[in-house]
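Colleague: My questions all concern the structure below.
The values are calculated or read from the model by the stated rules, or taken from the named source; none is laboratory data. In this text, all values refer to a predicted model and were calculated from it rather than measured experimentally. Glycine also receives a Cβ, built like all others from the backbone with ideal geometry; neighbour counts cover every protein chain displayed. Accessible surface areas use protein heavy atoms only, side chains included; no ligands, DNA or RNA. Shrake-Rupley method; radii C 1.70, N 1.55, O 1.52, S 1.80 Å.
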Amino acid sequence: MTVNVAFAELSLDLVYAAMAVYTVAMFTFAVSFAATKGRDLAPATADGAAATAGEGSVAVATKTEVALGGPDDGALPAGRRSANIAMSVMWLGTILLALGLLFRGLSVMRAPWGNMYEFSITSALAISATYLLISLKRDVRWLGLFVVPTVLLILGLAVTVLYVDAAQLVPALRGVWLVIHVSAATVCAGAFSLGAALSALFLVADSGERRAAEGRSYWLSGLAKRLPESQKLDGLAYRIHAFMFPLWTFTIVAGAIWAENAWGRYWGWDPKETWAFITWVGYAAYLHARATAGWKGRKAAYIAFVAFGCFVFNYFGVNILMSGLHSYGGL
């Protein structure tokens with residue numbers, strides 16, 4: 001089957017257009033984040049006011065102030081307008097990226113997940129789409145500043161380092177399991193990336209709150225006060241990881257079934273298979289730590305970072321540094 005060069009070129013143009021739009025969204029999110037007043041990191045008193053170092057002064061951080069950066073006085077809070085614009089621009093960027101992925105697939109009439117370039121742009125789409133889906137249920141405009149740079153970084157690597165021309169797949173990659181296995185993996189990539197970002201922000205917020213309670217300064221206090229409370233960040237990270245862990249389990253099982261169809265065995269300890277299992281163990285340890293007294297919060301967040309590191313190595317390192325049956329999916 002020949003390659004539709006026009007569609008392949010259109011796909012690349014759409015990816016570049018999406019990157020330009022995401023760049024606008026990133027700067028707009030930055031304007032919104034900088035304009036946000038944030039909250040007082042000092043611990044609350046018995047009557048609900050946050051104690052400060054001033055002479056008898058108090059600062060009450062309402063829900064609206066924490067989420068949006070301003071008092072609920074009927075006026076548009078500081079940074080809200082920029083955040084709304086950024087969300088709209090991000091929707092546009094996501095649509096353009098989805099179209100780019102669609103035309104990449106149409107150029108070769110297959111699922112566009114046959115190499116590292118295609119998997120990377122799909123992962124970037126998964127991160128963006130996961131964030132936007134969460135935004136339909138929760139006010140996570142503050143998170144956009146940390147999501148968009150990740151998407152841009154992945155797309156930048158995809159078009160500069162990982163790019164390969166559209167081509168047909170080797171026989172082992174053809175079949176319905178390409179759609180099932182790789183689509184599940186890309187959804188997990190998006191969710192695990194958001195989970196790691198939330199775990200990192202939880203550590204920043206938690207450190208800011210701890211330092212404020214002790215009356216000490218914190219070099220990231222400007223960032224910490226613009227984030228929701230650490231407990232909320234920790235809870236959201238946990239829910240994302242807990243929801244995605246069964247899907248990652250399914251991804252590994254689906255890969256084993258695909259391996260049996262392609263190579264005649266379910267499991268052969270190929271580097272990709274091995275690191276997928278190591279990643280599974282890492283996230284299982286994270287969920288177990290969350291259920292163990294004394295390992296919640298910061299310790300569990302560190303385990304989440306280790307698990308995400310294993311996932312990233314399985315994503316990049318295995319394909320670039322190791323050889324195996326999955327090498328055809330490399331650069």
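Colleague: Between R265 and A213, what is 0.36 nm times their sequence separation minus the Cα-Cα distance? Round to one decimal in nm. Walk me through the numbers on the way to the answer.
Modeller: On the way: separation 52, 0.36 × 52 = 18.72 nm, distance 5.70 nm.
13.0 nm is the gain from fully extending R265 to A213.
Colleague: Can you tell me, using C-alpha contacts under 8 Å and at least 6 residues apart, the relative contact order of the range 219-331 as a whole percent? Kindly include the intermediate steps, with their values, before the conclusion.
Modeller: On the way: 77 pairs, mean separation 26.3, N = 113.
This gives 23 percent for the range 219-331.
Colleague: Can you pick out the pairs among K137/K272; K137/K299; K137/K225; K225/K299 whose Cα atoms lie more than 26 Å from each other?
Modeller: Over 26 Å Cα-Cα: K137/K272; K137/K299.
Colleague: At what distance in angstrom do the alpha carbon centres of the range 183-243 and the range 249-291 lie from each other?
Modeller: Distance between centres, Cα-based: 27 Å.
Colleague: In nm, to one decimal, how far is the N4 label point from the F27 one, both placed 7 Å along Cα→Cβ?
Modeller: 3.4
Colleague: Still on this structure, I have one more. Taking the Cα centre of the range 127-278 as origin, sum charge times position over the Cβ atoms of Lys and Arg (+1) and Asp and Glu (-1), and report the length of that vector in debye to the nearest 20.
Modeller: Values: 13 positive and 10 negative charges, 84 e Å.
Dipole size: approximately 400 debye.
Colleague: Need one number: nm distance between label points at A242 and R298, each 7 Å from Cα along Cα→Cβ, rounded to one decimal.
Modeller: Between A242 and R298, the simple spin-label model gives 2.3 nm.
Colleague: Next up: Loop-only trypsin sites (Lys or Arg not before Pro) in the range 193-227, please: DSSP not H, G, I, E or B, and at most 15 other Cβ atoms within 10 Å.
Modeller: Details: sites: R210, R211, R216, K225, R226; in loops: R216, K225, R226.
For trypsin sites (Lys or Arg not before Pro) across the range 193-227 that sit outside H, G, I, E and B with at most 15 neighbouring Cβ atoms in 10 Å, the list reads R216.
Colleague: Computing the accessible area with a 1.4 Å probe over protein heavy atoms, can you report the carbon and sulfur percentage for the range 199-290?
Modeller: 63
Colleague: Okay, next question. Under a crude label model (7 Å from the Cα following the beta-carbon direction), how far is V253 from W91 in nanometres?
Modeller: 3.6
Colleague: Here's another thing I want to ask about it. Decide, for the range 131-171, between rounded, prolate and oblate: order the square roots of the alpha carbon gyration tensor eigenvalues as a ≥ b ≥ c, take rounded if a/c falls under 1.5, and otherwise choose prolate if a/b is larger than b/c, else oblate.
Modeller: On the way: a/c = 6.08, a/b = 2.13, b/c = 2.85.
It is oblate, given that a/c is not under 1.5 and a/b is not larger than b/c.
Colleague: Let me ask you something else. Grab the Cα-Cα distance for L223 and L106, subtract it from 0.36 nm times how many residues apart they are, and report the gain in nm with one decimal. Kindly include the intermediate steps, with their values, before the conclusion.
Modeller: Working: separation 117, 0.36 × 117 = 42.12 nm, distance 4.33 nm.
Between L223 and L106, full extension yields an extra 37.8 nm.
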